[in-house]
1. Quick one: which residue in 466, 456, 450, 473 is in contact with an Asp or Glu (Cβ under 9 Å, 6 or more places away or on another chain) and buried (at least 22 other Cβ atoms within 10 Å of the Cβ)?
2. For segment 343-373, which residues satisfy the criterion of being without any contact (Cβ under 8 Å) to a residue 60 or more places away in the chain, surrounded by 17 or more Cβ atoms within 10 Å (Cβ to Cβ) and among the hydrophobic types (A, V, I, L, M, F, W, C)?
3. For residue 127, are the conditions met, namely being closer than 18 Å to residue 79 by Cα and either hydrophobic (A, V, I, L, M, F, W, C) or not in a helix (DSSP H, G or I) (or both)?
4. Applying the selection to segment 121-180, what residues are open to solvent by less than 10 Å² (accessible area, probe 1.4 Å), farther than 20 Å from residue 14 by Cα and charged (D, E, K, R)?
5. Is there a residue being modelled with pLDDT of 85 or more and within 30 Å of residue 256 (Cβ to Cβ) anywhere in segment 485-499?
Amino acid sequence: MEVDQEVQVSEEPKQFRLEITQECKIAQSQNGLRHGDYGRYRSYCARRLRRIRKSLNFVHPRNKFVKRELTPDVINDKRYLGIPLMDAERAWSYAIELKNNFTEDTPRKRFHSIKRFAKAAKHSDELEKLCTQVADPHTQLEAEAYSSWMNANLLLEADKHQEAHAKFTHAKMLYDQLGKIGGVNQQALCEEKVEAMEKPLRYCNYILQRQGGQVSTQGLLDMQSGQMDALLKSKLQHVLQETRTRQAETLESVRWRGRDVPLKNAKIRVALITAQDLQTQIQDQEKSAAPMDTAADSLQPAESGDGGARDLFGELFSAYDEALSIVRSDIREAQAAKKTGSADPRTLEQLQALQAYLKYHKLRFTTDRNVRHAKFLEATYQQQQTDSSSSSSSSSGSGQKLVKPDDLCSMYDRLLDNVTEQIDLGVTEDDGQLLQSLQADQATYKAFRAFYLGQAFGRFEKHNEAVALFRRAEERCTTAIALNPSRKQELQALASKVSSQASVMQAKAYLETQELKAVVTNKMKSVSLEQKQAEQASSLIDQLDAYKACKQIVPFPPDFQATPAKPVLFDLAYNAVEYPDIEGRLPKEGWLGGAAKSLGGWFGR
C-alpha cells in the first residue's frame, strides 16, 4: 500500500506558475513600447521565441517542415508556456504597427492588421487552454484575462462593438480580482490594465448609443483626454472625423461684419467644426481649473495625449491653418477663373471675406493663449520675488525656469503685435466698439510692458532710466483706465505697484548720486602737488647728489613736457583783397607780329 501511494503521488501532474502580466509589462517597457516603437518589440518577440525553442529543443525540422504541436503531454517546463505567449505578443505588436502606418492610400494594411489581431487572439486562446491543464489557478486566471483582452481587440478592430464590450468587461473583471489577491506589484499592474480598459468600454458604449440616435462629439473629446492605446486612439480619431463631417453638413455659412459668408468647401466646414469643438473644450477646462493651473498648462510642456491647454491651442491653430490653406487655394483658382470670365465675381469677394474671418479668429485665440501665458509668468515672477530661497538659486523650487522681467516684456511685445495685426486687418472699420476694445487692450499691454521694462532696467542698476519708465507706466495706466473701465481694479493695482517701485528707484538713484559725490570728494582731497613731486623724485636720475636707495633709474613712462608749437600761417586776407586792373600795362602786338614770329620760328628750325 505504501508503494502504491508513493507511485500515485509521483504521478500527479505538476502545476506551473507564469506571471503573464508581469512578463509582458517588463518585456514591453524594455524593448520599445515605452516610446511606442512596436516594430522593435515585434523583433524582440521573434528573437525571444527562437531562444525559447532552442533552449527547449522544440524547433521545427529544417529539411521538411512539420509543425510540432504543443500539447499538455509535452510540457514539463514553464518555459513552454512562453511560446504561445510570445507568438501572441508578436502578432499583436505587428497589428498595431500596421495600424499606425495605415493611410487612405494603403487600404490593404487594414485587412492585414485584422489578420494579425486574429492570429494574436488564436495564440492567446491556445495559451489559455494549455494553462487550464498544466498551470496553477492564478496563472489560469491571468491567461483567461489575457485571452479576453486579445479577443476584445480583434472584435473592436472588426467593428463588432457589442461582443467587444462583453470581452472588455470580462477582462476588466478578471484583472480587478487579480489585483485584489496579488501582491503589491501585481496590484499595480492590474490597476493599470483596468484603467486602460475604461476608454475602450466608453467608446463601445458611445458607438452603441449612436446606433440608436444622434449624440454629440463631447463624449469622444472626453475619451481622448488621457492615456490610451494606439488601437483605440485611431478608432476614436476615425469616428470623431465622421461625426464632425456629419455635423459640417449643417454648417452653411458664418457671420462676418454684418453679412453671411457661405461655406462652399466641405473641408473648410469640417475644419471650423473641429475648431468649435476645441474652443468648447478650452472653455470647459477654464471653468473646471483654477486660473493658476489653467495658465500653467500653456507654459509647461504637455505629455502626449494629456489634453492640456497647450495641446488644445496647438490643435486649434492647426485647424485654422488648414482652413486658411484651403481658402488660399480656392482664391487662386477664383482669380484664375476671373481672368477667363468664367467665374462669379462674388465668389472672390466671399473667399476674401472668409480669409479675413479665419485670420481674425486665429489672432484672437493667439491673443488669448498669450494672455494666459503672461498671467502665469506674472504669478511665477511674484512668487519668486516673495520667496527668499528662489533669489539665491537659478531656478524656482518647483523645477520651473526662473522668470525675469525681460520674459514678461517679450510676452507683452507679442500681445501688442497681436492687437496691431487685428487692427491692420480692417475689421474695425465698421465696428467702433471693437476698435475701442482693441485700443483699450493696447493701452493696457503698453502699461504692463513699461512697468516690467522699468524693472528690467532696475535689475542692471540703471535707476534713472527705470524711474523714467515707471513715470511712463503711470501715464499709460491712467490712459488705460479711461479706455478700459472693466479692468479698472487690475490697472489701479498696477498703478500702486508702479508708484512704489518708482519711489524705490528714485531713492536708489539719489543714494547712488550721493555715494558718487562722496567718492569724488575723497579722491580730490587726496590729490596734492607735493605728493606728485615726491613720487617724481624717487628715480635715481633726479637725485644724483643724494645717497639714497631708489626704485628705478629713470621714470618710466617718461612725464609729459611742454614744447612750443610750430606756428602755422593761414592767408586769410587773400579772398578779401581787391587787386588793381593792369591790362593797360601789357605790351600790344601789331597785325604782323604774330605771323612774323611764327615764320621766324619755322625758319629757325
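The values are calculated or read from the model by the stated rules, or taken from the named source; none is laboratory data. Computed from a prediction, not measured in an experiment: that's the story for all the values here. Neighbour counts run over all protein chains shown; Cβ positions are idealised from the backbone, glycine included. Side chains included, ligands, DNA and RNA excluded: accessible areas come from the protein's heavy atoms. Shrake-Rupley method; radii C 1.70, N 1.55, O 1.52, S 1.80 Å.
1. 450
2. Within segment 343-373, 348, 351, 358, 371 meet the criteria.
3. Yes; evaluated as a whole, the condition is true for this residue.
4. If the condition is that a residue be open to solvent by less than 10 Å² (accessible area, probe 1.4 Å), farther than 20 Å from residue 14 by Cα and charged (D, E, K, R), then 157 is the only one that fits.
5. No, segment 485-499 contains no residue that is modelled with pLDDT of 85 or more and within 30 Å of residue 256 (Cβ to Cβ).
Here is a yes/no grid of residues against (1) within 16 Å of residue 151 (Cα to Cα); (2) at pLDDT 90 or above; (3) of a type outside the set (Phe, Trp, Tyr):
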residue	(1), (2), (3)
66	no, no, yes
69	no, no, yes
85	yes, yes, yes
97	no, yes, yes
101	no, no, yes
106	no, no, yes
109	no, no, yes
129	yes, yes, yes
